[in-house]
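Let me begin by presenting the structure, written as structure tokens, before commenting on it.
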Amino acid sequence: TVALLSSLLFSFFNLSCSAVVHFRGVRLHVESPETSVSAVQGSNATLPCHYRYEPELSVPRRTRVKWFWQPVVGEGTEKDVIVALGSRLRSYGDFKGRVRIRRSVQGDASLVINPLLIADKGRYRCEIIDGLEDDSVTVELKFQGRLSFNYIHFVIFSQFTGVVFPYYSPRGRYKMNFLEAKEACHQQSACLEGLDWCNAGWLADGTVQYAVSVPREACGGMDLAPGVRSYGTQHKTRARFDVFCFTSSIRGEVYFLQHPLKLNFTEAVDACVQDGAQIAKVGQLYAAWKLVGLDQCDAGWLSDGSIRYPIVQPRLNCGPPEPGVRTFGYLPKYLKYGVYCHKPKW
């Protein structure tokens, strides 16, 4: 009896499987016309993904669309971006509220990201699942790249709206290798780039350079014309320099918190939280100064423990005669100052 039952079940299973294959009789294809997409931080990007059936179906089928993100360098673990089934969708992590599926025509599963953050750069995999069938395609998101600068008295003209700023480690000058420099920019809401400054710093291509508008002995000598000085390509783990970061987006409001008391660093962090915000990052302060004209002659804490303030209209008792973000550097965190906060607005 047991043998007969097993035989019947085996036969039924084979018939069922062959019926499913025969019933479907189609193949799912997932494609993208682009292997990579270039965009600018702070703007938006659409990563194309389309699926179709062969032969073509007369009635649309219910499919699940899922996008994953993975860093370009190395084989890091994939992270969920968004999943959509019919009209229901869910986004994840830092992508929450910034991503959607385009669906402009039947079979369109393109991913729209708005606004773009620095950390969005990477490989994106579009996966379509239809019952037991699935297929996927990968599209790389790149940030448009090297800015062309004219260096004239700290005024930077570029083809993109944004600001480049110098940054050095809280541990002191010339303390970062290339990977540490890249992470430092990321932590301050920026990415690696270049600037007019007399401190040698890492650029995104792994070279170390600095730009001088007024030649002086400490910056390459008096005999050289104004321009960019280069140390060339340096060892990315052994060499130590500062870094030049680029940011082009605020994604919210940066402001000097009006507080009745001066604050130490811990109190400053808490005061921003109590105001429904977070203590601002260096890149956010530079972006607010450059892009929206934040002008505040009050020194305040930032998230990295530095003390800075932005000046658009130079004036007495507010630093040098040029516009810029003034810095006091990294002072002991028990000292009392104001604080700059950042309140996100999507």
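The values are calculated or read from the model by the stated rules, or taken from the named source; none is laboratory data. What you are looking at is a predicted structure, and each value in this text was computed from that prediction instead of being measured. Methodologically, a virtual Cβ is constructed for each residue, glycine included, from the backbone with ideal geometry; neighbour enumeration extends over all protein chains shown. When the accessible area is computed, the model is the full protein with side chains, heavy atoms only, and any ligands, DNA or RNA have been set aside. Shrake-Rupley method; radii C 1.70, N 1.55, O 1.52, S 1.80 Å.
Per residue, what accessible area does segment 26-137 have, given a 1.4 Å probe and all protein chains present, in Å²? Don't jump to the answer; show the numbers that get you there.
Working: 6040 Å² over 112 residues.
Using a 1.4 Å probe on heavy atoms only, each residue of segment 26-137 averages 54 Å².
Any chance you could run the full-extension gain for Gln274 through Arg64? It's 0.36 nm times the residue separation minus the Cα-Cα distance, nm to one decimal.
On the way: separation 210, 0.36 × 210 = 75.60 nm, distance 4.11 nm.
Extra length available between Gln274 and Arg64 comes to 71.5 nm.
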Proximal lysines relative to Lys336, as straight alpha-carbon distance under 21 Å, when same-chain residues fewer than 8 apart are discounted: Lys262, Lys281
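Between Ser36 and Glu183, what is 0.36 nm times their sequence separation minus the Cα-Cα distance? Round to one decimal in nm. Spell out each step's value before the answer.
On the way: separation 147, 0.36 × 147 = 52.92 nm, distance 2.36 nm.
Roughly 50.6 nm would be gained on extension.
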Cα centroid separation - segment 115-139 against segment 278-326, whole Å: 39
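Test of understanding: what is the full-extension gain from Thr46 to Ser104, defined as 0.36 nm times their sequence separation minus their Cα-Cα distance? Show your work: numbers first, answer last.
Values: separation 58, 0.36 × 58 = 20.88 nm, distance 1.19 nm.
Working it through step by step, the gained length comes to 19.7 nm.
Using 1/(1 + (r/R0)^6) with R0 = 30 angstrom and r between the beta carbons of Glu54 and Tyr92, what's the FRET efficiency to the nearest 0.05? Don't skip to the end; give the middle numbers.
Working: r = 32 Å, r/R0 = 1.05.
Result of the calculation: an efficiency of 0.40.
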Anchor Lys175: lysines whose Cα lies under 17 Å away (excluding residues fewer than 8 positions away in-chain): Lys236
Percent accessible area from carbon and sulfur atoms, segment 31-94, protein chains only, probe 1.4 Å: 49
For segment 207-346, accessible area per residue (1.4 Å probe, heavy atoms of protein chains only), Å²: 50
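Can you tell me the relative contact order of segment 25-110? Whole percent, Cα pairs under 8 Å, sequence separation 6 or more. Kindly include the intermediate steps, with their values, before the conclusion.
On the way: 113 pairs, mean separation 21.6, N = 86.
Worked out over segment 25-110, it gives 25 percent.
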Sequence-distant lysines (8 or more away, or on other chains) whose Cα lies within less than 21 Å of Lys142: Lys66, Lys79, Lys96, Lys121, Lys182
At most 16 other Cβ within 10 Å, DSSP loop - chymotrypsin sites (Phe, Trp or Tyr not before Pro), segment 30-109: Tyr92
Protein accessible area in segment 224-328, 1.4 Å probe - carbon and sulfur %: 53
